[in-house]
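Okay, structure first, notes after.
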């Protein structure tokens, strides 16, 4: 075994210290930056019904509006990993650069001549957003050690609200699709400025890394990092497919039950269902800090998996029951997200935490593409009763991975901040 860095100075089991003064204010700034910076993620997906005639978008093409962003994020994240950019540039400056680029490219949708150009712009938006999400998480971690899980939960909650906000803007009614695009671009730019010029670096900076492309794979050889990543991959198999397709599902459900003004109402319900995940992130963070990352993620994935299996079968039975299940699903489907990241920041080599986080996110987002594509395929073939059931595979595998991490830690065979192969 080769030790590449000293163990972190405080394990997540040590509660004897407190986080520094001002940490919660800085968390508020960074979470606000995350909330605003991520609004461009679903800016086009939220206005698909209005774009059907503008760019001739069918239900199959609509999936590619989200897939293009996912693919761009993956390319941007992998580029950051290979070049170790996330560990060589101050994270809050990366957030500013990424948010500024995403805002500019998003607003270009106003003059996009055809659907192909729209997909290209969405792809580039995803590339820039890869410089927003992981660096913001790393910047926050420089302020927290004791309550890191809770703080990361709040950050993911902000991301969740940011991702849901285009549905709120669209659901207000009477807004032209161009207003949604402009509003989300402005919010993203403001978020970047907030991170770059208002936020400050915390008292627990991560060591600065040297350029080493080999670390992209070597961090994954660490068994603790690997289990945390495998759990995250199961989580991601489910999350973005639900976020991308719930609005279509609930619109169909409202129409089945003869609800008037189903279009605007479906957007508002989608905003609430996705946005309530912010509460779930806070709950998951508190459980993670008090009971452990593994317990928090296992509870979350168990509950979200049950919702994925059941909600489609309730579509024609009861609209209120569908909404109740959807709200429960919205809370728990994302409650575990921050805990996977928190685990990585605690066990990965400290000078390569940014690389480890970005690698985790990149592979996780790769796994979102097949499920985003599969949902409409299964729905067209078998209906909504079975479309969401395929998502339950992810939580099941994720639970198995986190139980593996629990067993590994109880055996005390790994130490934070080391690279250890099998």
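Which order do the peptides 325-338, 375-388, 96-109 come out in when sorted by mean C-beta neighbours inside 10 angstrom, highest first?
325-338, 96-109, 375-388
Using a basic spin-label model with each label point 7 Å from the Cα along Cα→Cβ, how many nm lie between residue 172 and residue 324?
Modelled inter-label distance: 3.3 nm.
Obtain the nm distance between the two label points defined at residue 179 and residue 316 by a simple spin-label model: each point lies 7 Å from its Cα along the Cα-to-C-beta direction.
3.8
Regarding the stretch 215-320, what is the average projected area of its C-alpha convex hull, in nm²? Could the numbers behind the result be given before it?
Values: hull surface 33.2 nm².
The directionally averaged projection comes out at 8.3 nm².
Stretched out fully, how many nm does the piece from residue 110 to residue 374 gain, at 0.36 nm a residue minus the Cα gap?
Details: separation 264, 0.36 × 264 = 95.04 nm, distance 2.92 nm.
This chain segment gains 92.1 nm when fully extended.
How many nm is it between the label spots at residue 117 and residue 83, if each spot is 7 Å from the Cα in line with the beta carbon?
So the label points at residue 117 and residue 83 sit 2.7 nm apart.
Calculate the FRET efficiency for residue 261 and residue 24 from the Cβ-Cβ distance with a Förster distance of 41 Å, rounded to the nearest 0.05.
0.50
What value in Å³ per residue do you get for the convex hull of the alpha-carbon atoms in the stretch 89-138?
Values: hull volume 2.6 nm³, N = 50.
Cα-based convex hull of the stretch 89-138, divided per residue, equals 51 Å³.
Output the relative contact order of the stretch 23-410, whole-number percent, from Cα pairs under 8 angstrom with separation of 6+ residues.
Working: 761 pairs, mean separation 103.8, N = 388.
Once divided by the residue count of the stretch 23-410, the mean separation gives 27 percent.
Using just the Cα positions, wrap the stretch 23-410 in a convex hull and report its mean projected area in square nanometres, one decimal place. The partial results should precede the final answer.
Details: hull surface 67.7 nm².
Taking a quarter of the hull surface, the average projection is 16.9 nm².
Taken together, the values in this text are just the output of simple stated rules run on the coordinates, not laboratory data. Because the structure is a prediction, the values reported are computed rather than measured. All Cβ positions, even for glycine, are placed from backbone atoms using ideal geometry, and neighbour counts span all protein chains on display.
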